[in-house]
Each structure stands twice: as C-alpha cells, then as structure tokens.
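S.K.: This structure is in structure tokens; I'll ask about it shortly.
The values are calculated or read from the model by the stated rules, or taken from the named source; none is laboratory data. Treat the numbers as computed from the prediction; the structure is a model and nothing was measured. Cβ placement follows ideal geometry from the backbone for every residue including glycine, while neighbour counts extend to all protein chains displayed. Ligands, DNA and RNA are stripped out before the accessible areas are found, and what is left, the full protein with its side chains, is counted by its heavy atoms. Shrake-Rupley method; radii C 1.70, N 1.55, O 1.52, S 1.80 Å.
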Amino acid sequence: MRMTKCCGQCEGCSKKRPAAYERATKGRSFIGVASSCPVASRDIYTVFNPKLPTLQFSPSPLYANGWSNLLRHYPGDLGSTITGILTYGVQIGYRGKKQCYHSSNHHIHEPDVISAKLAEDLNLGRIRLASRPSFVSPLGLVPKHDGGWRRIHDLSWPPGQGLNQGIPDSWSAIEYTTIDAIYEQVTQAGPGCIIIKRDIKDAFRIVPVAEDNQHLLAFQWNDSTYIERCLPFGLATAPFLFNLFAEALHWILQCLLPAFYINHYLDDFIAISRSPSVSDPTGPFDEVYNRVTDYLRIPRNSIKDQQGTYVTVLGIQIDSISMEARLPPDKLCRATLDAAAALNATSLSIKQTERLTGSLAFCSRVVRLGRTRLQSLYTFQAAFPHGRSARRRISHEVRDDLEWWKDSLSLFNGVLLIDPCRRSITHLYTDASNAGQGLFFFSSKSISDCWQAHCHQLHPCNAASLALAHAAHAHQVAHAHINTTEVDAILQGFLLFSHHWLHHTLVIHTDSSTAYTGLRPHGIEPPAWFSSRAPQLNAGHLKLLWNGLSANTRSVYLSVQRNYEKHCAIQNLSAWPVSRQSLISWLTSRLLGNSNQKAVKPDTALADLAALRSYHTDNFLDDKLFDTKHFRRLIDGARRLNPVTKVRIRKPISRVTITKLSAGLALLPVQPLEMTANLLDDLNFAAACRVAFAGFLRLGEFTYKTEDLNARSIFSATKLTRSDVRFSPSLDHVQLTLKRSKTDRRHEGIQIVLAKTGDEACPVDALQKLLLLDPKEPNAPLFSFHRKPFSRGNFLSALSIKLRALGIQTDGYSGHSFRKGAAQHAHDSGILDDQIQVLGRWTSEAFRAYFTTNASVLYKLNHQFQTGSPAPLSLMLPPPSPPPS
C-alpha cells in the first residue's frame, strides 16, 4: 500500500482528514505524555503514559507497527497516539478518589451466559484475576439486536459514586456522524448507488488498558475478583478512545478508496460509491478493506456485512433505487407494539414516557407527519412532577396520537431523499417598521426572480399592509423590538396567504438577519420544553419565536422563569400570567433572600424582570404590569439596604502588555510549512490580542463555542470569519466586519477600521501574518486553536498562562480587560470622551466605567486649582507618605 505524503495545509489534506475526527474529539486536547504543567494536566486528557513499562502479553490483536506505518503521513499526531496506546495501554481518564470500592452484581437472569463469556475473555487474555485491592463494579447483561447478550460492566453504579463519575464529562463527549450526512452523500452519488456496510468485531475489547488503570475495572464472579485488561462496555470514555482507532481507519480507507464516500459510526463503516457503475464496486472495496484490516489485525464481523442498493444504516433503511429512507421491519413492528402497549395502560411513569417519546422521535425522522404527532407526548412529558416514581394518567390528546402511531405508522413509513416533482415557486416579500408591516407575494418560474419584473401584474389580493396600532395584539407589538416586528410580518404572511401556497416552493425575502438566520434550513430548532409551552402553535411559528432571542439569553431566562415557578408552587400562587401578588412575593424573596435561596443583587433582580416579561411576550400575554414603577422602587430599596461593599476588580490590559503578549510574532517562521501546531496556536492568540485591543472588541465578538461550528451556515452569518477581513490597497489599514454585536440591535453589521502602526502592537501586521502563515478557507473562523475551539474559556486560559509566563499576577484580568485597557489607553492619550464612545461602539454612558483619570493628572489639576498655575512639566506625583505613628 502506497500513500503520498501531504503537507496538511492544502485542500487535499482537509479532504483526506475526515470530519469525523473533529466531531469525535469535540475540539478537546489529548496527549500521550504526562504534562508537567499543572494547568495542562487539568485541561488535557492524557490517553497514554510512556513512563510506564510496555505491556507484556498485550490482550490486543492490533499490530502497532502497522498502524504507525499507514498513519505516517496523517496530518496530525494520531499515529503516534495510537502506537502509544498499543505499546503502553490506554489511560481511562479517572480523576476520582484513589480508594477501593465494592458493589455487588446486578440480578442476572442468564448466569451461564456470563460464565461462558468470562471463560472466552479469560482465554483471550482480556481479563485476569486481580492481585491487589481494586475498584469493584457490578456486572450486568443487556440484550443485543441480533437476539444475543452483551456483558456490560456498570461503571456508573452506584449513582453518583461510580467510576464514571470520576471522569470529566468533557473527556467522554463524542459527536457521531449523522444519518443526514449519509442521506446527502447518497443524494450526491445518485440513484442506484451501491451502499456497503462493514462491522469491526468486538470493538472496545481490542483496545488495551494500561496496567496502572486495570485495578479500576474490577468485578467479582463466583467468589473470584477479576480485572479488565481491555476497554469494557460501560466505561464513559470507551467510545471516545475506540473512536481514535476508528477515525484512523476511516482516514486510511478514504486515502486508498477515493471512489467512495467513507463514513463510520464507532465500529460500523459505511461506504457509498460516488457514482453508479455497471460493475459492482463491492469487490474492489473489499479487496482494499480486507487487506488493510488484515495488515492492522483488525477482527472483522462478517455476519453483519451488508451491501447493495437496499441497506440498513444507523437503524434506517436506505433504498438508493427509489431514493427513499424508511424504518426497517423490526423497528416498524417494535414502534407499533410500543404504541399499542401504552394505549393498554391507564397511566405512565416518567421513565416509560421518556422511552416511548425517544423511540417515536427516532421513527419520526422517516415517518411522514410523525413529528406533528409527537407534540402531545412532549407536552405530557414536560408536565411530570419532580421525582422518578411519579405517574400520570394518559390524556385524551396523547391517546389520539398513540392511536395514529399504532394504526397509521406503516402507511406513512418512508421519506424521499429527492423530491421527484417540479413544484411551483412563490416569492413572499415582507418588511416592517415601528408603524406597521407590509407584505406581498407572487408566483414565478425561478427562485431568482425579483419583484420588479412582476409588480405590474401584482393583484391587490396578493398584498397586505398592517398598521400596528390596529393589530389585535397591538400593545405587545407596538412596544416590541424591531426584530420581533420583522418576524411577525412573516408570520402574518403565512396566516393570511398560506392557503395559496400548498405544495409550492416558497422563497421568503426579508431584510432582517434574525428572521433569515431562524428560517435557514440549518436554523436553530426550538427544544421540546419550549414547544410544549405553546402546543397550539405550528412548527414554523415556534421556530421563528425561539430564534427571536439568542440561545444564551433563552438559557438565562429559562433559569429565572423556573425559579419563579418554583417560588409560586411553594407559596401556592398561580405562576402565569404574572400577577401583582406573585411578582411582589417573588421579587421580595429574591432581593432579601430566604431559606430556599440567597439574596441576589439589585441589578440581577432588574434583569430577572425581563425574563418574566419575555414569557409574556412569547405567549401573547399582557405585559403592562412590568412597567409599574413600584417594582423599580423595591429594587432601589434593596440598593439602600445593602450597598455594594466589595467591588470586583477588573484590571485593564495595557498596550505595553499587548506588546509583550504578542512579542512572539517577530520570531515566527516565514513559510506556512514550517509552522507547528503550537506555533499556530501562538500566532492566533497573539493576533487576537492585538485585534481585540485595537478594535475595542468584546470577548464574545471574536470567540466561539464548540457547538457553534455544528451549523456552518449560521456560524458564517453571525461570527467573525476570514472573509470579514479586508485590507486597504495601500495596506495602511484593515476593515473588520462584525456581523453581530451587542449594540447592533438590527444586526446590520458594523465596520471597524484598524490602522497600521508598524510597531510591536500593530493589528494590521498581525492579521497579515495570520493569513499568510495559517491559511484557511474564507468561511473559517478568523481565529482558531489546534484541536480545540477558540472559545472564551480556552482563550482566557491561554491568557492566564501567558501572563504568568511574563511574571504578571492574573488576579483581576478577565474578558473585559482588553476593552477596558483600550478605553484607558485612549483616555490617557487625550482622546475625547465622545470619541472613545464612538471607537468602542457604546450606545450609553456605560463607557465611562471603563477608564479612570490617573493619579498624575489629578495631582496636576489639584495643584493648578490650589495655586492658580499649572504644575511644572517635570513635577511627578510623590509617593504617599506613611500615616503618622
């Protein structure tokens, strides 16, 4: 087998390195050596330790040298990581208490099955008798889909104290490939494409565990204590650790089989021929697949092999001839029986409801109208009281929907991957202002048609103008944010004209970026709890409503709303709509505190009112109560009773510190190929520091979270990307486009001009080096870290490390430090206050809190005040004298 070496920077590398790797690692860092840095040791998952002796009589069949050979050109260090795991064993990631623990086995119906499986594992060297005190967890049996049994090691038992609770959640997180990605590849390959599915045998059981971790994986059987020498089913980090091997195999196969789309879901590998051909591609695929797996000594599970134009993938049958996805017969039968069993019961527990809802939600992906028949179940589930033992009587609405699932599931099973009919095209135009809303629609033959070509034949019945003053919900809308009014205009279009658009392709034209983002195909869907609050609203209405606020704001508001609901339940008050009595009772307890909660700050209580008001806005409830000045006076009373005595110190980062933080830019190589992963991280960090300072950026304006990358279209429309940097022809400045900003209420975008200074804090030079030495596609994030997102936490962690390396105490430095430092530098440089406000894009007087007049200036002013003449230029502020003894 021959592979061509690749630089890792070109387009070819990005294609050869599967996206599955980025999903699987979730952006986390992992290394194969123990780190000497105390900060790194907390944040980085050490997957193997070379300080240990090499494994003797390894239970793994995998050939370490083979993996190293085939991964030698992998654009990253995955090859050395896998070789290290096979040489020294894997570290399972346990960070809990180092103590012995013992749990008895769960009740096992088939003990002979356990004995047989243990005898097989003992013979293969996958388990051995324990020779030291161990962490003993219970065994259990779970049924497999093929009718067999799987032995599991319940490492989460007892609840809250099991071994898995000692493993950081972020180390076990993994994101799998989706069925939608498979659909897209089948669609691109075309009707009649061949789908091939192969399975790895024993999966986790071929990955060896390090000898110093094996005692943590102990169990007892027939009065003997055994320990696992391979990854067991039931370990939190087992999927992530095994997936490192699966990703490596994925990359190898993709390199050797360019005529196929390659996917994997843990131990399942799915290949799709890129184009239909006369000859069956299964033979060429298996020739390479078998040679690779034999060479790497990966055991194959041939019993599960499937290939052809009709294959079950991730529990869904895909038919590439009819281009349809449907439930396989076994899942269809199981879902029908589940619905029938629920109908035979008079009540359900929360566990039964969750299992039933989850099963039917899976089915709804390929069952037409299935999602519309889930709303009552979501509402039913959300209304359960706290406590796992609670039961609820099944409502009439739930019974109606369950009857549909039982009787109609087989009739509506299957969705088309390609729409076979040519639909009529309708264009809807909407706009809104504080005075009213306007909308019109017309039919055309192209989705790119413009209204000017059709305005002369537009019928009056195809248009409407709505004055907000006469709307049925005038009070709510008249005081609504412009984004809400824009989205409501689209909703009014659906309410008035949607009966004209049945079976049409609808193109919506709006100048609201909020509506645009919410309506995109990959827009953010509202969660079930939000949908359950307004079951009478349709899916489109709910989606627009949910996206009217950011996800972070929704999360904060939900926490406040639940706190309010809990208080009302304790006080036996009706929660919604908010009444004067319930609001006074809750606000008083929030401000003064009680046995159930600590007192909150007055500013927090003021923000809490907005959270309750938001609920009223979402549900068309009157919100005049929140304008009552009585509540503001209660909050002012709390300020007088409890004045702020401890102010959080927020230090500014000076321009001198920016120079020190980014000094490494001058020492970087001049060619991209010479850049290592650490140098790339330093480059991105230093460039971000200079740009954040020069542009008065808020931390959220240039950082992002891992989940933000899941929807690339939304990311490109809201976050800073490489395409947002524009150099002037003379290179004397850069224009930076902020698509979303805190004070940009209409989401129109803000242009920030960064001037070239040519010194050691120059943002233009930093951006030039960034684009030269770390080239990426235009829609890539402007700044990034290697193997982890450029998130707020990761950036601040890097900042703390850099500051400590410079001998600077990190106390008081935060995300505001760059913006605060920029404002202070501007003030010290003699820039007028209103000009500072413009530079920092402040819309209120809050900017004055970001800088102070330094002591030297105050000294000179006071000197002039008392003497009538300016202080000498050479006059320096003397140090304060000690108080008299």
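S.K.: Here are some residues: Val670, Val656, Val600. Which one is of a type in the set (Val, Ile, Thr) and in contact with a Lys or Arg (Cβ under 6 Å, 6 or more places away or on another chain)?
M.R.: Val600
S.K.: Still on this structure, please answer the following. Can you pull out the residues in the range 91-103 that are at pLDDT below 90 and among the small types (Gly, Ala, Ser)?
M.R.: Gly96, Ser103
S.K.: I'd like the residue in the range 845-885 that is open to solvent by 70 Å² or more (accessible area, probe 1.4 Å) and of a type in the set (Gly, Ala, Ser) and, out of all such residues, is modelled with the highest pLDDT.
M.R.: Within the range 845-885, the match that is modelled with the highest pLDDT is Ala849.
S.K.: If I ask for residues that are over 33 Å from the mean Cα position of the chain (by Cα) and open to solvent by less than 30 Å² (accessible area, probe 1.4 Å), which ones from the range 252-287 would you list?
M.R.: Pro281, Thr282, Phe285
S.K.: Now, a different point. Among (1) touching a residue at least 60 places away in the same chain (Cβ under 8 Å); (2) within 30 Å of Ile836 (Cα to Cα); (3) surrounded by 18 or more Cβ atoms within 10 Å (Cβ to Cβ); (4) under 30 Å from the mean Cα position of the chain (by Cα), there is one condition Arg650 misses while meeting the rest; what is its number?
M.R.: Failed condition: (3).
S.K.: Does Ala342 fit the bill of being touching an Asp or Glu at 6+ places or on another chain (Cβ under 9 Å), in contact (Cβ under 8 Å) with a residue 60 or more places away in the chain and farther than 30 Å from Leu86 by Cα?
M.R.: Spelling it out, it is not the case that Ala342 is touching an Asp or Glu at 6+ places or on another chain (Cβ under 9 Å), in contact (Cβ under 8 Å) with a residue 60 or more places away in the chain and farther than 30 Å from Leu86 by Cα.
S.K.: Taking the range 79-123 on its own, how many of its residues are in contact with a His (Cβ under 9 Å, 6 or more places away or on another chain) and open to solvent by 60 Å² or more (accessible area, probe 1.4 Å)?
M.R.: The total comes to 1.
S.K.: Would the range 124-132 turn up any residue that is over 30 Å from Gly283 (Cα atoms), crowded, with 19+ Cβ neighbours inside 10 Å and either free of Cβ contacts under 8 Å to residues at least 40 places away in the same chain or within 37 Å of the chain's Cα centre (by Cα) (or both)?
M.R.: yes
S.K.: To continue, here is another question. Which of the residues that make up the range 345-365 are open to solvent by 40 Å² or more (accessible area, probe 1.4 Å) and either touching a helix residue (DSSP H, G or I) at 6+ places or on another chain (Cβ under 9 Å) or aliphatic (A, V, I, L, M) (or both)?
M.R.: Gln352, Glu354, Arg355, Phe362, Arg365 - these are the residues of the range 345-365 that are open to solvent by 40 Å² or more (accessible area, probe 1.4 Å) and either touching a helix residue (DSSP H, G or I) at 6+ places or on another chain (Cβ under 9 Å) or aliphatic (A, V, I, L, M) (or both).
S.K.: Out of (1) open to solvent by 60 Å² or more (accessible area, probe 1.4 Å); (2) out of contact with any helix residue (DSSP H, G or I) (no Cβ under 9 Å at 6 or more places or on another chain); (3) at pLDDT 85 or above, what's the single condition that is false for Ser410?
M.R.: (2)
S.K.: If the Cβ limit is 9 Å and pairs must be 6+ apart or interchain, which residue in the range 657-686 that is over 15 Å from Phe785 (Cβ atoms) pairs with which residue that is basic (Lys, Arg) and open to solvent by 30 Å² or more (accessible area, probe 1.4 Å)?
M.R.: Pairs that qualify, where the first residue is over 15 Å from Phe785 (Cβ atoms) and the partner is basic (Lys, Arg) and open to solvent by 30 Å² or more (accessible area, probe 1.4 Å), are Lys660/Lys802; Leu661/Lys802; Leu665/Lys769; Leu668/Lys769.
S.K.: Scan the range 724-761 residue by residue and report those that are farther than 22 Å from Ser662 by Cα, open to solvent by 80 Å² or more (accessible area, probe 1.4 Å) and free of Cβ contacts under 8 Å to residues at least 12 places away in the same chain.
M.R.: Scanning the range 724-761 gives Pro729, Ser730.
S.K.: Residue by residue through the range 133-151, note down the ones that are assigned to a strand (DSSP E or B) and open to solvent by less than 20 Å² (accessible area, probe 1.4 Å).
M.R.: Phe135, Val136, Leu139, Gly140
S.K.: If Pro50 satisfies every condition in (1) open to solvent by less than 10 Å² (accessible area, probe 1.4 Å); (2) in a loop (DSSP other than H, G, I, E, B) but one, which is the exception?
M.R.: That leaves (1) as the condition not met.
S.K.: Could you tell me whether Leu634 is in contact (Cβ under 8 Å) with a residue 12 or more places away in the chain and over 33 Å from the mean Cα position of the chain (by Cα)?
M.R.: yes
S.K.: Is at least one residue of the range 39-46 at pLDDT 75 or above and either touching a strand residue (DSSP E or B) at 6+ places or on another chain (Cβ under 7 Å) or open to solvent by 20 Å² or more (accessible area, probe 1.4 Å) (or both)?
M.R.: Yes, the range 39-46 contains a residue that is at pLDDT 75 or above and either touching a strand residue (DSSP E or B) at 6+ places or on another chain (Cβ under 7 Å) or open to solvent by 20 Å² or more (accessible area, probe 1.4 Å) (or both).
S.K.: Scan the strands (runs of 3 or more DSSP E) fully inside the range 191-242 and keep the ones with 3 or more residues being farther than 18 Å from Tyr101 by Cβ.
M.R.: Qualifying strands (runs of 3 or more DSSP E): 195-199.
S.K.: Considering the range 306-327 alone, what residues qualify as being surrounded by 14 or more Cβ atoms within 10 Å (Cβ to Cβ) and outside any strand (DSSP E or B)?
M.R.: Matches in the range 306-327: Thr309, Leu314, Gly315, Ser320, Ser322, Met323, Leu327.
S.K.: Take Leu832 and decide whether it is modelled with pLDDT under 85 and farther than 28 Å from Leu803 by Cα.
M.R.: Considered against the rule, which asks whether it is modelled with pLDDT under 85 and farther than 28 Å from Leu803 by Cα, Leu832 comes out as no.
S.K.: Oh, and also: Just one of the numbered conditions (1) assigned to a helix (DSSP H, G or I); (2) surrounded by fewer than 18 Cβ atoms within 10 Å (Cβ to Cβ) is not true of Ala342; which one?
M.R.: Among (1) assigned to a helix (DSSP H, G or I); (2) surrounded by fewer than 18 Cβ atoms within 10 Å (Cβ to Cβ), the lone unmet condition for Ala342 is (2).
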